[in-house]
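The values are calculated or read from the model by the stated rules, or taken from the named source; none is laboratory data. The structure displayed is predicted, hence computed values, not measured ones. We place every Cβ from the backbone using ideal geometry, glycine too, and count neighbours over all the protein chains shown.
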Amino acid sequence: MSPNTLAYSELYTACEDAATTYFTDRFGFRLIATAGPETGTADRRSWALRNGAVTLVVTAPVGDDGEVSRHLDAHGDSFADLAFVCEDLDRDYVRATGAGATALRAPTDAVDPARADRFAVVSGFGDLRHTLVQPSRPFAGTLPPDRRWNIDDTAADAPAPAPVLGGVDHIAACVPVDTLKRTVDFYNQAFDLHYFSEEYILVGDQAMDSKVVRNESGGITFTLIEPDPTRNPGQIDQFLAAHAGAGVQHLAFLVEDIVGAVRELGGRGVEFLTTPATYYDVIRERVGDLEEHIADLRETNVLVDRDEWGHLLQIFTRSPHERRTVFYELIQRNGAQGFGSSNIKALYEAVERTRETADE
């Protein structure tokens, strides 16, 4: 058995106003809880946000010292913690540390005595950590248990004012050259995430390897990406340089109606990557008949892919963060179980266009 789902994703940021505004005003997340010096956490302030089945925690430093400040100095705005919900915390902690994960905090009770959660913390790739949470109730397990929270119980179940997110479909991460296999093996041995698929993508004189690992339920899925050192440096190399090592490149949010979501979120100020018009000229030849109107996909720049189980639609945002390392994805699955392998090239090219424009 493995951890069964993602509890929350914690983003460290030096620009908390910009980050919280991006997620609340543009993506439609609601503020559900806060933590900081007023709740006994002296070195940081945190805002817990929720949209549908997704919980994000935005954390900023208080002062220039402390773990959050050091992380930001090294990596800029980035995800520092991806927390997993566990049915048996002690078992999962022993498995992870036995497979080589660094024990950052042994199993213990939540800091807030009003919460009956138990949790532990172990290392992931790079400076990423994984908090393992055994919650006492569903809502309790969606907030970091290492601090006290002022919780707004009325906001937790309030309807989202924007498209509702059905969960984090997958997490994409970049790892340095010659570490992809080791990282895949680590997540298999430490967290029982199994190999699902792999892809080698060649775009011009640049290339990358990617492998997907996931747990049995599909509630935790990583797409791990490594640049090909025999080719010219590209966006994965740039990420690793700007982020100073391995890290989360993007979170993919699951939606039921991606065309409607893009229109709504675009109207709220979310910027999405554009797709060449020629992509849609041959779309039927590539993926066959679709329920969606191609004109709508062209208008919204939504990408399409098909596998043996069905088709999926996806689109990627421009990064709202200072170092332009982290961005986000919307994905709609119509039966498909893959990850848009034929769209990886289109994404790669779209990000390259953005990168080249930024360098001009």
task: Just give me the residues in the stretch 16-47 being among the hydrophobic types (A, V, I, L, M, F, W, C) and crowded, with 19+ Cβ neighbours inside 10 Å, in sequence order.
output: Ala19, Phe23, Phe27, Phe29, Ile32, Ala33, Ala35, Trp47
task: Take Ala244 and decide whether it is within 22 Å of Val121 (Cβ to Cβ) and touching a Lys or Arg at 6+ places or on another chain (Cβ under 7 Å).
output: no
statement: Residue hits (the stretch 196-223; under 19 Å from Thr5 (Cα atoms), outside any loop (DSSP other than H, G, I, E, B) and not basic (Lys, Arg)) are Phe196, Val212, Val213, Thr221, Phe222, Thr223
- prompt: Among the residues of the stretch 233-249, which ones are under 18 Å from Ala207 (Cβ atoms), touching a residue at least 60 places away in the same chain (Cβ under 8 Å) and in a helix (DSSP H, G or I)?
  reply: Gln235, Ile236, Gln238, Phe239, Leu240
task: Considering each of Glu299, Glu285, Glu292 in turn, give the residue that is acidic (Asp, Glu) and outside any helix (DSSP H, G or I).
output: Glu292
message: Tell me whether the stretch 63-71 contains one or more residues that are in contact (Cβ under 8 Å) with a residue 40 or more places away in the chain, touching a His at 6+ places or on another chain (Cβ under 7 Å) and crowded, with 18+ Cβ neighbours inside 10 Å.
response: no
- line: Exception for Arg50 within (1) within 16 Å of the chain's Cα centre (by Cα); (2) surrounded by fewer than 19 Cβ atoms within 10 Å (Cβ to Cβ); (3) among the basic types (Lys, Arg) falls at (2)
- prompt: Does Val302 fit the bill of being modelled with pLDDT under 80, touching a strand residue (DSSP E or B) at 6+ places or on another chain (Cβ under 8 Å), surrounded by 15 or more Cβ atoms within 10 Å (Cβ to Cβ) and farther than 17 Å from His170 by Cβ?
  reply: no
Some residue of the stretch 168-178 being crowded, with 20+ Cβ neighbours inside 10 Å, over 30 Å from Glu264 (Cα atoms) and more than 18 Å from the chain's Cα centre (by Cα): no
task: Residue by residue through the stretch 284-339, note down the ones that are under 16 Å from Phe253 (Cβ atoms) and among the basic types (Lys, Arg).
output: Arg318, Arg333
- prompt: So how many residues does the stretch 113-133 have that are farther than 26 Å from Asp77 by Cβ, in a loop (DSSP other than H, G, I, E, B) and not acidic (Asp, Glu)?
  reply: 4
- line: Residues of the stretch 180-190 being out of contact with any Gly (no Cβ under 9 Å at 6 or more places or on another chain) and either surrounded by fewer than 17 Cβ atoms within 10 Å (Cβ to Cβ) or farther than 21 Å from Gly245 by Cα (or both), in sequence order, are Lys181, Arg182, Asp185, Asn188
message: Suppose we filter Glu216, Glu226, Glu256, Glu198 for residues that are crowded, with 20+ Cβ neighbours inside 10 Å, of a type in the set (D, E, K, R), in the same structural domain as Cys174 (by the TED database) and closer than 24 Å to Gln337 by Cα; which single one remains?
response: Glu226
- prompt: Here are some residues: Ala261, Ala252. Which one is of a type in the set (A, V, I, L, M) and either more than 26 Å from Thr5 (Cβ to Cβ) or not in a strand (DSSP E or B) (or both)?
  reply: Ala261
- request: Kindly indicate which of Thr55, Thr13 is buried (at least 20 other Cβ atoms within 10 Å of the Cβ) and either touching an Asp or Glu at 6+ places or on another chain (Cβ under 7 Å) or among the basic types (Lys, Arg) (or both).
  value: Thr13
field: Residue in the stretch 266-299 that is modelled with the lowest pLDDT, counting only those that are among the basic types (Lys, Arg) and under 26 Å from the mean Cα position of the chain (by Cα)
entry: Arg298
message: Cβ-Cβ distance below 6 Å, separation of 6 or more or different chains: which pairs start in the stretch 22-41 with a residue that is free of Cβ contacts under 8 Å to residues at least 40 places away in the same chain and end on one that is surrounded by fewer than 20 Cβ atoms within 10 Å (Cβ to Cβ)?
response: Gly36/Arg45
- request: For Phe316, indicate whether it is part of a loop (DSSP other than H, G, I, E, B) and either touching a strand residue (DSSP E or B) at 6+ places or on another chain (Cβ under 6 Å) or more than 27 Å from Leu72 (Cβ to Cβ) (or both).
  value: no
